Amino acid sequence: MAPRSRSETLLVTTVQGGARARRPDELIVEEPMTVQLDGTTVSTTMRTPGHDYELAVGFCFTDGLLAGAPVQGVRYCANGSAVGSEFNVVTVETGGRAPAPRPRLGNTTSSCGLCGNDAIDELCELLEPLPATTPIPIDVLQAVPDAVLGSQGLFNATGAVHAAAAFTPTGEVLLTREDVGRHHAVDKVVGRLLLDGALPATGLGLFVSGRASFELVQKAWAAGFSTLVAVSAPTALAVHTARRAGLVLAGFVRADRVNVYSPERLA
């Protein structure tokens, strides 16, 4: 199957220094994708095409829908051809070993994630506190954003996507995924690790290119990451959740500074 187009070039008018010019501009593609678990629709959301199987698997895992059931297969479209659904329906299959799914999301935008206090409590109650691991050195955390930037091809081309990356305690970037949705980029990373048999991600760090919301902390927790690094600020709920999880949460990470929000105090 040929790779899906993830960007589109359009002519735009630019104005700079009072001068106008027509030039081509590369724009990110945004399309709807429906996620199904054993043939039942559990979510429809907007995403950047590419790594769709990882996104679907990662979503089902971090949302608690798999409940420990192994993924037996992933494919486009449950009924009919993949071409007929324009490669925008992905089914995760467990052979019925996962509990009967119920939708967590309706139709959403790429920026929309988890909604509702009941859903938040339900997801957190599924998780145990993370095991203690050797802290990743602060200087390593500070170097991660620059290390990831080199693998953000879509951002460099369009300036319109978020990135998530898994990295080692020494700062080695293991994989990077990009998407218009922050939580989708994370789910793609988690999905890849799950398909590779590399979860839980104990001792590893997770980088996100935007703010650290509750949902990103919850996904990092569910995947077993020990550290979450964000280039922007966390929300208060994200900090409370990270402390509850035993997850190291660092924000405003730059080469010359970092704010550590969880744990409450550094040793």
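What follows draws every value from the coordinates through simple rules; no lab data is involved. As the structure is a computational prediction, the values presented were derived from the model and not from experiment. Methodologically, a virtual Cβ is constructed for each residue, glycine included, from the backbone with ideal geometry; neighbour enumeration extends over all protein chains shown.
For region 158-238, the set of chymotrypsin sites (Phe, Trp or Tyr not before Pro) satisfying both a DSSP loop assignment and a count of at most 11 other C-beta atoms within 10 Å is empty.
Suppose every Lys and Arg Cβ carries +1 and every Asp and Glu Cβ carries -1, with no other charges. What dipole size does the chain come out with about its Cα centre, to the nearest 20 debye? Before the final figure, lay out each step's value.
Details: 21 positive and 26 negative charges, 87 e Å.
It works out to roughly 420 debye.
With the Cα gyration tensor of region 138-262 giving a ≥ b ≥ c as the square roots of its eigenvalues, does the rule (a/c under 1.5 for rounded; else a/b larger than b/c for prolate; else oblate) give rounded, prolate or oblate? Taking the square roots of the gyration eigenvalues as a ≥ b ≥ c, region 138-262 is rounded.
Once fully extended, how much extra length lies between Ile138 and Ala236, figured as 0.36 nm per residue of separation less the alpha-carbon to alpha-carbon distance? Please list the in-between numbers first.
Numbers: separation 98, 0.36 × 98 = 35.28 nm, distance 2.18 nm.
Extending this stretch completely gives an extra 33.1 nm.
Positive-end ranking of Leu37, Thr91, Gln16 along the dipole of the chain, with charges on Cβ about the Cα centre, is headed by Gln16.
Working out 0.36 nm times the residue gap between Asp196 and Arg254, then minus their Cα-Cα distance, what length gain in nm do you get to one decimal? Please list the in-between numbers first.
Details: separation 58, 0.36 × 58 = 20.88 nm, distance 3.07 nm.
Contour length minus the Cα-Cα distance gives 17.8 nm.
Rounded to the nearest 500, what is the chain's calculated 222 nm mean residue ellipticity when only DSSP H runs of at least 4 contribute -39500 (n - 2.57) each, over all residues? Let's see the in-between values first.
Numbers: 7 runs with 72 residues, N = 267.
Taken over the chain, the calculation gives -8000 deg cm²/dmol.
Convex hull volume of the C-alpha atoms in the chain, normalised per residue: 146 Å³. Note on Leu154, Leu55, Leu237, Leu193: ascending count of other Cβ atoms within 10 Å places them as Leu237, Leu154, Leu193, Leu55, the fewest first. Taking every C-alpha pair closer than 8 Å and separated by at least 6 residues, the mean separation divided by the residue count of region 1-76 gives a relative contact order of 22 percent.
Below 8 Å, C-alpha to C-alpha, sequence gap of six or more: please give me the relative contact order for the chain in percent. Show your work: numbers first, answer last.
On the way: 572 pairs, mean separation 44.1, N = 267.
Contact order relative to length: 17 percent.
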